[in-house]
Amino acid sequence: MSRKVTAKICGIKTPEALQAAVQNGARFIGFVFFPPSPRHVAIDTAKALALMLPTGVRSVGLFVDPTNAQLDAVTGRVQLDMIQLHGAETPQRVAEIKGKYALPIIKAIPVSNAEDITAVRDYEDHVDWLLFDAKPPADSDVPGGTGQSFDWALLKGLEFSKPWMLSGGLSAENVGEALSVLSPDAVDVSSGVESSRGEKDIEKISAFLAAVKAV
């Protein structure tokens, strides 16, 4: 049976990268609002980029343990369709953000072992999407986008009440393998389509999305 897997390209900072993602079939575009990240984007830049998105492509704002002031600053200027929470936000904080901003929420779950996945149950009632990413090393200054993957078999056979995205170390070279093991609703890539840390590569974006379509 054929299935449709959608793709999210995260960490977009330029019109060129955005167009490459959209023209090759990405359905989610991620803007990172986390200053320590090499993919951090200024609010005015993100505002202009979000306005370039065609109907059917969703803009996602990625935040890490944001304050309401940070969320207000971005949502007041940038046309976001979804909020991605990629920090240590508690289920209660996630519910609070969802209630206040009335936008669909993606919650990232960092994974290194089977026990990490049990955290999902606390979040499922409060989110619209789940995202499984590799847990970063202890000395990492960012919670994701490290280019590392985790053991995909940890998710094999599991079912969730919400749609979910697979992230962590994906690239054009391995996304087909990942999708032969798992059946996520979407795949999410950032470092796997970059020429250097934080700099998107147009050809890699095209190749990644072609590999997803080929599944």
Is it true that GLY30 is of a type outside the set (Lys, Arg), within 30 Å of PRO15 (Cβ to Cβ), touching a residue at least 60 places away in the same chain (Cβ under 8 Å) and part of a strand (DSSP E or B)? yes
Counting only strands (runs of 3 or more DSSP E) entirely within the stretch 149-215, those with at least 2 residues that are under 16 Å from GLY11 (Cβ atoms) are 186-189, 194-196
Counting only residues that are outside any helix (DSSP H, G or I) and small (Gly, Ala, Ser), how many does the stretch 33-59 have? 4
So for the stretch 111-118 (the condition being outside any loop (DSSP other than H, G, I, E, B) and at pLDDT 95 or above), does at least one residue qualify? no
State which residue is surrounded by the fewest Cβ atoms within 10 Å (Cβ to Cβ) when the search covers only the stretch 60-84 and only residues that are assigned to a strand (DSSP E or B) and of a type outside the set (A, V, I, L, M). PHE63
From the list ILE97, ILE83, ILE117, which one is in contact (Cβ under 8 Å) with a residue 40 or more places away in the chain and either of a type in the set (Lys, Arg) or out of contact with any Ser or Thr (no Cβ under 7 Å at 6 or more places or on another chain) (or both)? ILE117
When you scan the stretch 153-163, do you find a residue that is under 17 Å from the mean Cα position of the chain (by Cα), of a type in the set (A, V, I, L, M, F, W, C) and buried (at least 16 other Cβ atoms within 10 Å of the Cβ), even just one? no
From (1) modelled with pLDDT of 90 or more; (2) surrounded by 13 or more Cβ atoms within 10 Å (Cβ to Cβ); (3) not aromatic (Phe, Trp, Tyr), pick out the condition that doesn't hold for GLN148. (1)
Of all residues in the stretch 7-40 being small (Gly, Ala, Ser) and out of contact with any Cys (no Cβ under 7 Å at 6 or more places or on another chain), which is modelled with the lowest pLDDT? SER37
What number of residues within the stretch 4-16 are in contact with a Leu (Cβ under 9 Å, 6 or more places away or on another chain), more than 25 Å from GLN70 (Cα to Cα) and not in a strand (DSSP E or B)? 1
What about ALA134, is it under 22 Å from PHE63 (Cβ atoms) and at pLDDT below 95? yes
Could you tell me whether ASP139 is at pLDDT below 95, within 26 Å of VAL193 (Cβ to Cβ) and part of a helix (DSSP H, G or I)? no
Taking the conditions exactly as written (surrounded by 20 or more Cβ atoms within 10 Å (Cβ to Cβ) and of a type outside the set (A, V, I, L, M)), does HIS126 satisfy them or not? yes
Pairs where the first residue, in the stretch 171-183, is crowded, with 18+ Cβ neighbours inside 10 Å and the second is assigned to a loop (DSSP other than H, G, I, E, B) and modelled with pLDDT under 95, C-beta under 7 Å, 6+ apart: LEU179/VAL5; LEU179/VAL215; LEU182/LYS156
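The values are calculated or read from the model by the stated rules, or taken from the named source; none is laboratory data. Please read all numbers here as calculations on a predicted model, not as lab measurements. Heads up, the Cβs are rebuilt from the backbone with ideal geometry, glycines too, and the neighbour counts pull from every protein chain shown.
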